[in-house]
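The values are calculated or read from the model by the stated rules, or taken from the named source; none is laboratory data. Predicted model, so just to flag it, every value in this text is computed and none were measured. Using ideal geometry, Cβ is built from the backbone for each residue, glycine included, and neighbour counts are taken over all protein chains shown.
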Amino acid sequence: MKKILTYLVILTSGFVFYSCDKPAPTQLIDDTNTELEVELLNKNLDDQYYTSGADTSGIIQDLTGITNLVSVSGIKITNNKNETLESSLAQAMFFDKSKPIKYSDGRILAYQTITPGIIKFNNVEARLDTFKIRYRDLGDPKVAILGQKYVLYNLIWGFPDPFYFNYKSNVSFEFIPSGPGNNLTFNIPTPAEITGRVVLSGSRSDKNLRAVLRWNQNNTKRITVIMGLMRQNQISSIPIYRMKTADDGELRIPERYLNQLPLEKFEKIVFTFVRSFEAYHSNGTDDLFVSSQSIHSIIIDIP
């Protein structure tokens, strides 16, 4: 039960919001591999205080530019004991752009959410859950309650919700407004399942850590790999790099991306493989950003 609760906390951890204490992500183009695009997500690893959902949601972007979000995920998490837990997650968030939540200097952190009706995934009605984010403002850790979001997740044997992600298929979505307006229904296409493997060699003490990533290739488009670090006794990772590469089954991460990090301050490294579909779907007034992804996160002790 303790292990299930730990995964439950990880699964429902939320999304990454970029705080005002750090600059925006910086794009790096690897000069040794023209197929690899690398984005630096966090520069100051000593000044982080937020809820990370990169290991599970696959979405690590700033959501302030999105009015409505619908996301479905098939998730696998492999821990450092090589145990894998599979789960399914569906979420929907509707933001009220007239109600911003701001940092103390006036910049917008996020927007409050609204719940304009009933949401169903695969004909299962989603529950309302508190949507909160942790962030840092002028050096002080804070928590913001955005409101509520719609959520379904199946952690194990249908617990707690009977929602199952269908790979290489579709997830049906239905919105039933509580006020005037027509129902909105459509199918969300889902990608093929991704299964990753990581070969980590070298050591941080010798500063020669190397990582070779392999996965079941699909050869249809690019995939995303999110690399993060975990401190001791933490269950959420700090995302460091977002890498985009061809879905050809193998990626050798340039050593400098690993060995320039302060690895002595962390206990585990997390590689998250994401194969996804993303598109906008118009509901007649506001666009829905729709995302579906197959995710496999692998947690490894740093040698």
Subset tally (residues that are crowded, with 17+ Cβ neighbours inside 10 Å and over 20 Å from the mean Cα position of the chain (by Cα)) for the range 191-220: 5
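Could you say which residue among Q293, Q217 is at pLDDT 90 or above and part of a strand (DSSP E or B)? Talk me through it step by step, then tell me what you get.
Working: Q217 fails: part of a strand (DSSP E or B).
Among Q293, Q217, only Q293 is at pLDDT 90 or above and part of a strand (DSSP E or B).
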Within the range 238-256, how many residues turn out to be modelled with pLDDT of 90 or more and among the hydroxyl-bearing types (S, T, Y)? 1
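Per-residue answers, yes or no, for (1) farther than 21 Å from E86 by Cα; (2) within 14 Å of the chain's Cα centre (by Cα); (3) charged (D, E, K, R):
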{"site": "S236", "(1), (2), (3)": "no, yes, no"}
{"site": "M243", "(1), (2), (3)": "yes, yes, no"}
{"site": "R256", "(1), (2), (3)": "yes, no, yes"}
{"site": "Q260", "(1), (2), (3)": "yes, no, no"}
{"site": "S294", "(1), (2), (3)": "no, yes, no"}
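Residues that are farther than 30 Å from G249 by Cβ: find the strands (runs of 3 or more DSSP E) completely inside the range 135-209 holding 3 or more of those. Reasoning before the result, please.
Details: elements: 140-156, 170-177, 184-189, 196-201.
Correct list: 140-156, 170-177, 184-189.
Here is a list: I188, I176, I133. Which entry is out of contact with any Cys (no Cβ under 8 Å at 6 or more places or on another chain), surrounded by fewer than 19 Cβ atoms within 10 Å (Cβ to Cβ) and among the hydrophobic types (A, V, I, L, M, F, W, C)? Lay out the reasoning, then the answer.
On the way: I188 fails: surrounded by fewer than 19 Cβ atoms within 10 Å (Cβ to Cβ); I133 fails: surrounded by fewer than 19 Cβ atoms within 10 Å (Cβ to Cβ).
Being out of contact with any Cys (no Cβ under 8 Å at 6 or more places or on another chain), surrounded by fewer than 19 Cβ atoms within 10 Å (Cβ to Cβ) and among the hydrophobic types (A, V, I, L, M, F, W, C) holds for just one of I188, I176, I133, which is I176.
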Y257: passes all of (1) assigned to a helix (DSSP H, G or I); (2) under 21 Å from K76 (Cα atoms) but (2)
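Considering only residues that are surrounded by 12 or more Cβ atoms within 10 Å (Cβ to Cβ) and not hydrophobic (A, V, I, L, M, F, W, C), look in the range 143-161 and name the one that is nearest to Q112 (Cα to Cα).
In the first step, residues of the range 143-161 are kept if they are surrounded by 12 or more Cβ atoms within 10 Å (Cβ to Cβ); the result is 144-156, 159-161.
Keeping just the survivors that are not hydrophobic (A, V, I, L, M, F, W, C) gives 147-150, 153-154, 160-161.
Values: G147: 6, Q148: 9, K149: 10, Y150: 14, Y153: 23, N154: 26, P160: 26, D161: 26 Å.
Only one residue fits best here, namely G147.
When the residues of the range 220-241 are narrowed to those that are assigned to a loop (DSSP other than H, G, I, E, B) and polar (S, T, N, Q), which ends up nearest to S276 (Cα to Cα)? Show your work before the answer.
Initially, the range 220-241 is screened for residues assigned to a loop (DSSP other than H, G, I, E, B), giving 220-221, 231-237.
Those still in the list that are polar (S, T, N, Q) too: 220, 232-234, 236-237.
On the way: T220: 11, Q232: 30, N233: 30, Q234: 27, S236: 22, S237: 21 Å.
The selected residue is T220.
Determine whether the range 171-191 contains at least one residue that is of a type in the set (D, E) and over 18 Å from V290 (Cα atoms).
Kept after step one, since they are of a type in the set (D, E), are these residues of the range 171-191: 174.
From the residues that got through so far, the ones that are over 18 Å from V290 (Cα atoms) too are none.
No: zero hits.
Which ranges mark the strands (runs of 3 or more DSSP E) fully within the range 19-94 that have 2 or more residues being out of contact with any Pro (no Cβ under 8 Å at 6 or more places or on another chain), modelled with pLDDT of 85 or more and under 26 Å from K168 (Cβ atoms)? First the steps, then the outcome.
Working: elements: 26-29, 37-40, 68-78.
Qualifying strands (runs of 3 or more DSSP E): 68-78.
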Under 8 Å between Cβ atoms, which residue pairs at least 6 apart in sequence (or on different chains) link something in the range 165-177 that is among the aliphatic types (A, V, I, L, M) with a partner that is exposed (fewer than 14 other Cβ atoms within 10 Å of the Cβ)? V171/N187; I176/N183
Selection from the range 269-290 of residues that are part of a strand (DSSP E or B) and either surrounded by fewer than 18 Cβ atoms within 10 Å (Cβ to Cβ) or free of Cβ contacts under 8 Å to residues at least 12 places away in the same chain (or both): F277, E278, A279, Y280, H281, S282, D287
